[in-house]
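The values are calculated or read from the model by the stated rules, or taken from the named source; none is laboratory data. Keep in mind the model is a prediction, meaning the values are calculated, not measured. Cβ coordinates were reconstructed from backbone atoms using ideal geometry, including for glycine residues, and neighbour counts include every protein chain displayed. Note: areas computed on protein heavy atoms with side chains; ligands, DNA, RNA excluded. Shrake-Rupley method; radii C 1.70, N 1.55, O 1.52, S 1.80 Å.
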Amino acid sequence: RQGIGEPSVYHAVVVIFLEFFAWGLLTTPMLTVLHQTFPQHTFLMNGLIHGVKGLLSFLSAPLIGALSDVWGRKSFLLLTVFFTCAPIPLMKISPWWYFAVISMSGVFAVTFSVIFAYVADITQEHERSTAYGLVSATFAASLVTSPAIGAYLSQAYGDTLVVVLASGVALLDIGFILLAVPESLPEEMRPVSWGAPISWEQADPFASLRKVGQDSTVLLICITVFLSYLPEAGQYSSFFLYLRQVIGFSSETVAAFIGVVGILSILAQTVVLGILMRSIGNKNTILLGLGFQILQLAWYGFGSQPWMMWAAGAVAAMSSITFPAISAMVSRNADPDQQGVVQGMITGIRGLCNGLGPALYGFVFYLFHVELNEMAEVETLGKASKPNMANPTDESSIIPGPPFLFGACSVLLSLLVALFIPEHNLVLRSGSHKKHSNGAQTHTHSLQAGGSDGKEPLLEDSSV
């Protein structure tokens with residue numbers, strides 16, 4: 001067996017940490033390069049870039065998962081990490097190519113999907129949630145630490161050093177996969193060994209979404225997820241840029257904000273979530289999380305001072321309890337053989353939002369003319385002032401962050417829908433779940449169940 005030792009969760013943890021640590025280092029340089037490359041329509045182009053990337057990832061993730069069931073996980077880990085990190089050195093070589101390659105890299109930017117399949121191969125069912133939690137915590141830890149390191153190095157030594165360092169970390173990750181990561185999928189588990197073809201139904205990204213309407217309770221949950229995650233996905237793609245351009249945060253302050261809110265969200269999803277689930281119940285925890293999200297988005301939308309952003313960030317950490325609570329409700333109430341189906345639907349809807357949300361936010365920013373004339377002014381501003389917008393007389397001077405208010409309205413609708421979700425007896429119709437005769441297909445169901453909450457920490461990979 002190639003690699004070091006037997007396949008383990010720790011191999012997966014190292015791969016995830018190095019990939020997102022490399023991208024986290026680039027948080028500050030990327031905001032600067034983005035505005036320099038698209039000075040007139042920064043938010044619009046940011047939304048389109050992340051929107052195209054998200055939609056391509058949504059379309060390709062099931063296919064790559066199906067192919068990894070045939071050809072093994074290691075080769076696809078190598079493929080996804082390589083193409084996800086390929087744009088990094090282009091940041092200094094050619095910004096236009098950098099953003100173009102980021103958009104197209106969405107076809108292969110599905111490392112999490114392959115990682116969760118890898119973990120499913122090597123863990124028993126009762127160990128899986130703990131293993132997924134470890135991977136998620138590692139992802140969060142990489143994004144809590146790396147933006148601050150990148151901001152410090154950028155301030156002290158310039159952006160070029162940060163790009164070189166991030167490229168080096170990405171190469172280290174690729175080398176680790178090549179030399180140290182053993183294959184997790186046994187030869188006898190691969191359907192190609194039996195001459196079985198790939199299940200194209202399994203590779204269809206819309207397959208799980210087509211099952212949404214087959215059960216009224218599942219439909220309510222999926223609508224709740226769509227309306228609440230759509231603004232969250234848009235926020236991930238644009239919020240750090242918004243802090244720099246509109247609120248006037250420095251690079252160091254943005255990095256500190258990421259770290260503080262990331263730590264608070266991890267605490268909220270571990271300590272606070274457990275207390276709330278025991279004290280007020282599953283459904284009430286979901287409603288409370290949605291309430292916090294509405295408050296957070298409204299505060300972001302109307303807030304014009306730095307202290308307001310910090311306060312709203314603390315509320316945002318509390319709002320991160322919503323999706324783990326939804327996943328727990330599904331896990332506790334769905335039949336055992338329906339877990340993968342229901343969680344797969346939710347994962348599919350979140351993947352769709354990852355494409356639609358950033359594009360929606362970018363378009364709304366564009367409609368309200370929320371732009372800056374000069375990025376350089378931001379670095380010299382004091383706390384008492386903030387940069388002028390391109391057109392101070394329009395609506396954007398009254399509402400600094402229009403997309404966040406649109407998001408708050410969307411989450412309010414989500415909360416109203418969630419009120420009608422029954423807390424118990426979540427059961428799919430028996431016909432909605434098709435049993436696969438191929439043994440290796442079970443890895444995809446495990447992947448879907450784990451992938452639904454695998455990227456839940458607040459600071460999702462908005463930079464990749």
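Below, the figures for the structure above:
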item	result
Residue satisfying all of: in the stretch 184-207; modelled with pLDDT of 65 or more and open to solvent by less than 30 Å² (accessible area, probe 1.4 Å); nearest to I115 (Cα to Cα) among these	S184
Residue in the stretch 122-163 that is least open to solvent (accessible area, probe 1.4 Å), counting only those that are without any contact (Cβ under 8 Å) to a residue 60 or more places away in the chain, assigned to a helix (DSSP H, G or I) and within 24 Å of T27 (Cβ to Cβ)	A156
So L241, is it open to solvent by less than 20 Å² (accessible area, probe 1.4 Å), at pLDDT 90 or above and either farther than 28 Å from L220 by Cα or under 21 Å from the mean Cα position of the chain (by Cα) (or both)	no
Cβ pairs under 8 Å, 6+ apart, first in the stretch 64-88 and at positive phi, second open to solvent by 20 Å² or more (accessible area, probe 1.4 Å) and at pLDDT below 85	G72/E183; G72/R190
Selected residue (criterion: farthest from T80 (Cα to Cα)) from residues of the stretch 39-55 that are open to solvent by 40 Å² or more (accessible area, probe 1.4 Å) and outside any loop (DSSP other than H, G, I, E, B)	M45
Residues satisfying the stated conditions in the stretch 85-121, i.e. more than 27 Å from V164 (Cβ to Cβ) and open to solvent by 10 Å² or more (accessible area, probe 1.4 Å)	S113, D121
Any hit, the stretch 263-283, residues being modelled with pLDDT of 85 or more, under 25 Å from H369 (Cβ atoms), among the small types (G, A, S) and surrounded by fewer than 23 Cβ atoms within 10 Å (Cβ to Cβ)	no
Number of the exception - S304 against (1) over 20 Å from Q245 (Cβ atoms); (2) not charged (D, E, K, R); (3) not in a helix (DSSP H, G or I)	(1)
Yes/no for G5 being touching a residue at least 12 places away in the same chain (Cβ under 8 Å) and surrounded by fewer than 24 Cβ atoms within 10 Å (Cβ to Cβ)	yes
Members of the stretch 66-84 that are open to solvent by 10 Å² or more (accessible area, probe 1.4 Å) and under 21 Å from the mean Cα position of the chain (by Cα)	F76, L78, L79, F82, F83
Failed condition for I93, given (1) within 26 Å of P39 (Cβ to Cβ); (2) in contact (Cβ under 8 Å) with a residue 60 or more places away in the chain	(2)
Breaking point among (1) buried (at least 23 other Cβ atoms within 10 Å of the Cβ); (2) closer than 17 Å to F240 by Cβ, for V33	(1)
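Matching residues to (1) charged (D, E, K, R); (2) at pLDDT below 90; (3) under 26 Å from V246 (Cβ atoms):
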| residue | (1), (2), (3) |
| --- | --- |
| F292 | no, no, yes |
| W299 | no, no, yes |
| M308 | no, yes, yes |
| A316 | no, yes, yes |
| S320 | no, yes, yes |
| A325 | no, yes, no |
| D335 | yes, yes, no |
